[in-house]
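The values are calculated or read from the model by the stated rules, or taken from the named source; none is laboratory data. What you are looking at is a predicted structure, and each value in this text was computed from that prediction instead of being measured. Every residue, glycine as well, gets a Cβ built from its backbone with ideal geometry; the counts of neighbours run over all protein chains shown.
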Amino acid sequence: MLYAGHVEAARIRSGASLAMWLFALVALLVKAIQPENFIGVTACVGYLILINPPTLALLRRASGRRAFRNLSLLINFLEIIGYTAVIYFLGGMEGTYLTPIYAALIAYVAPMAPRRYPFIMAGLCAVTLAAMATLQELKLIPSWNVDADFSMPLRRQIIILSAIIALLFIVASIASYTAGTLRAARDSLREQNRVLEERAAEIEIAHKRLRDANDELERRVAERTEELERSNTDLRGEISERRRTEREKAELEERLLRAQKMEALGLLAGGVAHDLNNVLTGIVAYPELLLSQVAADSPLRRPLTVIQNAGSEAAAIVQDLLALARRGVVRPEILNLNRTVHEYLDSQVHKQLEISHPRIVFRSALAPDLKNVSCSPVHLLKTIMNLVSNAAEAQPMEGEVTVRTENRTLDRDYAGYDSIAPGEYVVLTVSDRGAGISREDLGRIFEPFYTKKVMGRSGTGLGLSVVWGTVRDHHGRIDVQTGEGKGTSFELYFPASSVESADATPSRAEQLREGSGERILIVDDAPMQREIGSEILERLGYVVESVASGEEAVEWLTAHSADLVVLDMIMDPGIDGRETFMRMRKLNPDQRVVIVSGFSETEKVIDMQRLGAGAYVRKPYTVVELAEAVRGGLAKRHRE
């Protein structure tokens, strides 16, 4: 009987292991875990399944009850090691949500073992889990974090481990007590049954015929009752299965809808961004070329600067859309947040907001000794704009919007909307006196398209999502202070930087890195892109040739040589940038290449850079960006 119980336990263990593997597979498919996490879980599941045949063979050969129990304990310990390894490969302390499987194991074995057995099992689970956490903390074993940014202080780890261990022993106590109670009830029932059997035997002697008739009736009733119970059980099972299936169907439909929405957004972003960025290159680059030729006091400088800034803002809007689809490229600079706030408050966008909300007072309270931060100025400006606009629209009649900056030092973990680690921070606060945010909505305010604004009066529903992504891209955190009828304050924590920002922008002559007659080949299917790139590089002192496709580039390089190729990634029709690069390398393994594209960095770009391609320049590019990339590629060629 004991051996049969272990056979059943082996089946359950295998089923649970496969369930964990399927869970890990789904997590991998939705990119909640990394491939290495999934490989580790797969190895653990294989281990849990493969230990069944040898352990069952040992149990079959065990002689004596004591030897059988000792082997059972060993098997359970091996099983605990396997479950702990699964937790380890799912992030260690990140994977502690799987510890209820310990409790399930304790509860399962308690009815079949002595009363002390659950406590032994709880102790083994506690020791194994604590050993895993200790080895990770001491870095004696590598960490398999699911989230690369995950970090948990030692004190918090100890608290969580202590809570889990305490709960395991509570489960062991309950299981032991319940098992003991069940055994006592079983013994009592056996005794009562023995007495009843004796009495029944006595009655049977005197009332044999009556008993036979009664037994027959009871047999028929029992058969009918059992049949009805089976029918009811089957019916309940069918109903439960149908409800479960309907729930799963609804969940799958919801997930599919979300996936289709994001896929459509990604297709829209990918399809539009390339063409928009090609157009924006002219708006960004030509004003820069003209600014380098007009006098410092020329009346043309201001409109040219406005055009250039407008092009940069348009490019930033495209990057906001890409941020939701596949993330844009963040270019951080050392800057002072107060300057960025002043830049926004002096912008035409803010002036238009003041006109649209004449009964709202906009205030600023900026710390005079504010530390610097490492941020992308374009993304930071967009973040301030989104928060101020959101605060204004939260007050439809009249109100007040305040923008504050301050230095803040945290000497311990701060559990705000985000968990914020100790350190030196520069905090940007945007607050309003609106109706506040309800508890139900607070958890979803950063979801794309989750908005309760009046449609047509506000933006696209992406504003707070872009804020969240920008803060995270800059290693920052967010706290939200709100309450219904109390207004809302968004606090953005950016890590402070000790590096000094430049007080003045270097002159254009200092930024531009001119050439010395090197031959540059531009490969781009867009005529305007070839024209802009050629004009920039020719003014910088290079000899420039251009072709409209990858095939033309390969043909040109077969008959000529180029010191460097400026290569577009997306060209239609014909071969793309990667295939063109590979064919160029067959002609000349040392050919230098700079990559340009209207998309953000992709696997193809990264792969090309691994194979020797140079810098990646995102369209729309500035004169300085293209000049530095070309000069860097040529400098690398000279070093080689």
Those residues of region 572-590 which are in contact with a helix residue (DSSP H, G or I) (Cβ under 8 Å, 6 or more places away or on another chain) and farther than 14 Å from Met608 by Cβ amount to Gly574, Leu587, Asn588, Asp590
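Of these, Ala548, Ala502, Ala526, which one is touching a Pro at 6+ places or on another chain (Cβ under 8 Å) and at pLDDT below 95?
On the way: Ala502 fails: touching a Pro at 6+ places or on another chain (Cβ under 8 Å); Ala526 fails: touching a Pro at 6+ places or on another chain (Cβ under 8 Å).
Being touching a Pro at 6+ places or on another chain (Cβ under 8 Å) and at pLDDT below 95 holds for just one of Ala548, Ala502, Ala526, which is Ala548.
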Only unsatisfied item for Ser143, checking (1) modelled with pLDDT under 80; (2) under 14 Å from Leu73 (Cα atoms), is (2)
Within region 92-113, of all residues that are modelled with pLDDT under 80 and either of a type in the set (Phe, Trp, Tyr) or out of contact with any helix residue (DSSP H, G or I) (no Cβ under 8 Å at 6 or more places or on another chain) (or both), the one nearest to Ala19 (Cα to Cα) is Tyr108
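Can you say whether Ile12 is farther than 23 Å from Leu135 by Cβ, in contact (Cβ under 8 Å) with a residue 12 or more places away in the chain and surrounded by fewer than 21 Cβ atoms within 10 Å (Cβ to Cβ), as far as the supplied structure shows?
Details: farther than 23 Å from Leu135 by Cβ: yes; in contact (Cβ under 8 Å) with a residue 12 or more places away in the chain: yes; surrounded by fewer than 21 Cβ atoms within 10 Å (Cβ to Cβ): yes.
The answer is yes for Ile12.
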Exactly one of Ala130, Ala110, Ala122, Ala126 is surrounded by 12 or more Cβ atoms within 10 Å (Cβ to Cβ), touching a residue at least 60 places away in the same chain (Cβ under 8 Å) and not in a loop (DSSP other than H, G, I, E, B), and that residue is Ala110
Checked against (1) under 30 Å from Pro495 (Cβ atoms); (2) modelled with pLDDT under 85; (3) not acidic (Asp, Glu), Val427 satisfies every condition except (2)
Contact list, first residue from region 180-202 and farther than 25 Å from Asp215 by Cβ, second anywhere and not aromatic (Phe, Trp, Tyr) and not in a helix (DSSP H, G or I), beta-carbon distance below 7 Å, six or more apart or interchain, is Gly180/Arg115
Listed by first then second residue, the pairs whose first member lies in region 69-93 and is in contact (Cβ under 8 Å) with a residue 24 or more places away in the chain and under 19 Å from Ala110 (Cβ atoms), whose partner is of a type in the set (S, T, N, Q) and in a helix (DSSP H, G or I), with beta carbons under 6 Å and at least 6 positions apart or on separate chains, are Ile75/Thr55; Ile80/Thr128
Across region 552-581, the tally of residues that are more than 40 Å from the chain's Cα centre (by Cα) and charged (D, E, K, R) stands at 3
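Consider Thr42 carefully, then state whether it is modelled with pLDDT of 85 or more, of a type in the set (Ser, Thr, Tyr) and under 24 Å from the mean Cα position of the chain (by Cα).
Details: modelled with pLDDT of 85 or more: yes; of a type in the set (Ser, Thr, Tyr): yes; under 24 Å from the mean Cα position of the chain (by Cα): yes.
So Thr42 fits the description; yes.
Which residues, counting only those in region 133-151, are part of a loop (DSSP other than H, G, I, E, B) and surrounded by fewer than 18 Cβ atoms within 10 Å (Cβ to Cβ)? Please lay out each step first, then the result.
Let us first name the residues in region 133-151 that are part of a loop (DSSP other than H, G, I, E, B), namely 138-151.
Scanning region 133-151 gives Leu138, Lys139, Leu140, Ile141, Pro142, Ser143, Val146, Asp147, Ala148, Asp149, Phe150, Ser151.
Does region 527-543 hold any residues that are surrounded by 21 or more Cβ atoms within 10 Å (Cβ to Cβ) and more than 15 Å from Arg592 (Cβ to Cβ), and which are they? I'd like the intermediate steps shown before the answer.
The initial filter retains those residues of region 527-543 that are surrounded by 21 or more Cβ atoms within 10 Å (Cβ to Cβ), namely 529, 532-533, 536-537, 542.
Result: Gln529, Ile532, Gly533, Ile536.
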Within region 622-629, does at least one residue satisfy the condition of being more than 34 Å from the chain's Cα centre (by Cα) and farther than 30 Å from Asn309 by Cβ? no
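Pick from Phe77, Phe38: which is of a type outside the set (Ser, Thr, Tyr), touching a Leu at 6+ places or on another chain (Cβ under 7 Å), part of a helix (DSSP H, G or I) and surrounded by fewer than 17 Cβ atoms within 10 Å (Cβ to Cβ)? Full working, then the answer.
Numbers: Phe38 fails: surrounded by fewer than 17 Cβ atoms within 10 Å (Cβ to Cβ).
Unique residue meeting the criteria: Phe77.
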Arg61 passes all but one of the listed conditions (1) touching a residue at least 12 places away in the same chain (Cβ under 8 Å); (2) charged (D, E, K, R); (3) farther than 26 Å from Leu168 by Cβ; the exception is number (1)
Checked against (1) surrounded by 12 or more Cβ atoms within 10 Å (Cβ to Cβ); (2) closer than 30 Å to Leu90 by Cβ; (3) at pLDDT below 85, Arg255 satisfies every condition except (1)
Of the residues in region 545-576 that are in contact (Cβ under 8 Å) with a residue 60 or more places away in the chain and farther than 19 Å from Lys604 by Cα, the one that is surrounded by the fewest Cβ atoms within 10 Å (Cβ to Cβ) is Asp563
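Considering each residue of region 297-320, count those that are over 25 Å from Gly533 (Cβ atoms) and modelled with pLDDT under 75, and give that number. Even if it seems obvious, please write down each step before you answer.
Residues of region 297-320 that are over 25 Å from Gly533 (Cβ atoms), as a first pass: 297-299, 302, 320.
Subsequent filtering for residues that are modelled with pLDDT under 75 retains 320.
Qualifying residue count for the region: 1.
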- Flag for Val388 being hydrophobic (A, V, I, L, M, F, W, C), in the same structural domain as Gln352 (by TED's automatic domain parsing) and outside any strand (DSSP E or B): yes
The condition of being of a type outside the set (Ser, Thr, Tyr) and farther than 30 Å from Gln34 by Cα holds, among Asp187, Asp149, only for Asp187
